[in-house]
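Accompanying notes for the structure given below.
The values are calculated or read from the model by the stated rules, or taken from the named source; none is laboratory data. The shown structure was predicted, so the numbers you read here are calculated from the model rather than taken from an experiment. Virtual Cβ from ideal backbone geometry, glycine too; neighbours counted across all protein chains shown.
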Amino acid sequence: MSAVNDTKFKFAVFLLTGIPGQEDVQNLWISLPFCLMYVISIVGNSVILFIIKTDPSLHQPMYIFLSMLGITDLGLLIATMPTILGVYLFNSREISSDACFAQLFFIQSFQCIESSVLLLMAFDRFIAIHDPLRYSSILTLPRIAKMGLVCVLRGVAVMLPLPLLLKQFRYCRVNVLSHSYCMHQEVMKMACSDISVNNIYGLFITVITVVLDLLLILLSYVMILKTVLSIASHTEFLRALNTCVSHLCAVLLFYMPEFSLTLIHRYWNGFSPLLLIVLGYINLLVPPLINPIVYNMKSKHLRSRIIRVFVK
């Protein structure tokens, strides 16, 4: 009997779920918007990466950081695409525990890396406005490469304990998840063991990544505003602020759904499940979709290069 129980604990299976109440129509109507979002997001980010890589005039710190953001968004899309499209296109709901742990690790890691990249982009805007004459000498290519490596190592190191801790828990039944992908906050609640360590470590991760990064971004913008307010020319004042619009949009798109989900999962249990599901999809799929569009619209230099390639 003990061996049977150990087998159940070790080889747990999770069942993914689509949108509640829409099971009859989700294969046709709901899968089409998801497919369209994935195609636009992948094509948009890939085009920007291709243009930045092939155009030497775009090998500048701002565009290199933008390419980091695009790579992170592509990684997040690849991590979520198999299960989300599998549920809505093929009604493939079963996922093994190891695959689920791997998916939530990659999702959490890419989100942590994206938070770090947004912080680097805020630092980039501060240097460009505060000390434009030394901008290129401060943000050299070797330094940018080291910053990117630190972001990746930080995301992997901080999130690696999550699947390892979840793997130690016992899962004594078939567990139905409320999303079409695996989330750490939800999977750990399915365990038949004490999850106090995961709760504490999850809160620790939120503080040292999302909260800390956001506070540093806010500090960067306080310094940017202080610098901009000292500019006498009204034209230069507006031009300096205009360079930050794209980054501010990316920050809002990333952090608002992230904080909303974190607060709802930890402190409020009376919210509609549909609201949680919609916020989850917004958190994962909207930033990779909107970021290329916003940066393409606000960066005249990048937009002209893209138009030139397609006109040829």
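This table checks each residue for (1) among the basic types (Lys, Arg); (2) in contact with a His (Cβ under 8 Å, 6 or more places away or on another chain); (3) within 23 Å of MET121 (Cα to Cα).
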{"site": "VAL176", "(1), (2), (3)": "no, no, no"}
{"site": "GLU186", "(1), (2), (3)": "no, yes, no"}
{"site": "LYS189", "(1), (2), (3)": "yes, no, no"}
{"site": "CYS192", "(1), (2), (3)": "no, no, no"}
{"site": "ILE200", "(1), (2), (3)": "no, no, no"}
{"site": "VAL207", "(1), (2), (3)": "no, no, yes"}
{"site": "VAL211", "(1), (2), (3)": "no, no, yes"}
{"site": "ILE217", "(1), (2), (3)": "no, no, yes"}
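Which helices (runs of 4 or more DSSP H) does segment 165-251 wholly contain that include 1 or more residues that are of a type outside the set (D, E, K, R), farther than 30 Å from GLY18 by Cβ and touching a residue at least 12 places away in the same chain (Cβ under 8 Å)?
Here the list reads 196-206, 212-229, 234-242.
Within segment 185-211, work out how many residues are surrounded by 14 or more Cβ atoms within 10 Å (Cβ to Cβ) and either within 18 Å of PHE259 (Cα to Cα) or among the small types (Gly, Ala, Ser) (or both).
Going through segment 185-211 one residue at a time, the tally reaches 12.
Cβ-Cβ distance below 7 Å, separation of 6 or more or different chains: which pairs start in segment 113-125 with a residue that is over 12 Å from LEU149 (Cα atoms) and end on one that is outside any helix (DSSP H, G or I) and of a type in the set (A, V, I, L, M, F, W, C)?
These pairs meet every condition: ASP124/LEU139; ARG125/CYS244.
Condition first: surrounded by fewer than 20 Cβ atoms within 10 Å (Cβ to Cβ), at pLDDT 85 or above and either outside any helix (DSSP H, G or I) or touching a Cys at 6+ places or on another chain (Cβ under 9 Å) (or both). Now tell me which residues in segment 282-312 satisfy that.
Correct list: ILE290, VAL294.
Restricting to segment 242-275, give me the number of residues that are at pLDDT below 85, crowded, with 16+ Cβ neighbours inside 10 Å and aliphatic (A, V, I, L, M).
2
Could you tell me whether SER137 is surrounded by 15 or more Cβ atoms within 10 Å (Cβ to Cβ) and among the hydroxyl-bearing types (Ser, Thr, Tyr)?
So SER137 fails the test.
Would you check which residues across segment 298-312 are within 27 Å of the chain's Cα centre (by Cα) and without any contact (Cβ under 8 Å) to a residue 24 or more places away in the chain and list them?
Correct list: LYS300, ARG303.
Among the residues of segment 284-297, write down those that are within 30 Å of GLN185 (Cα to Cα) and free of Cβ contacts under 8 Å to residues at least 60 places away in the same chain.
VAL286, ILE290, listed by residue number.
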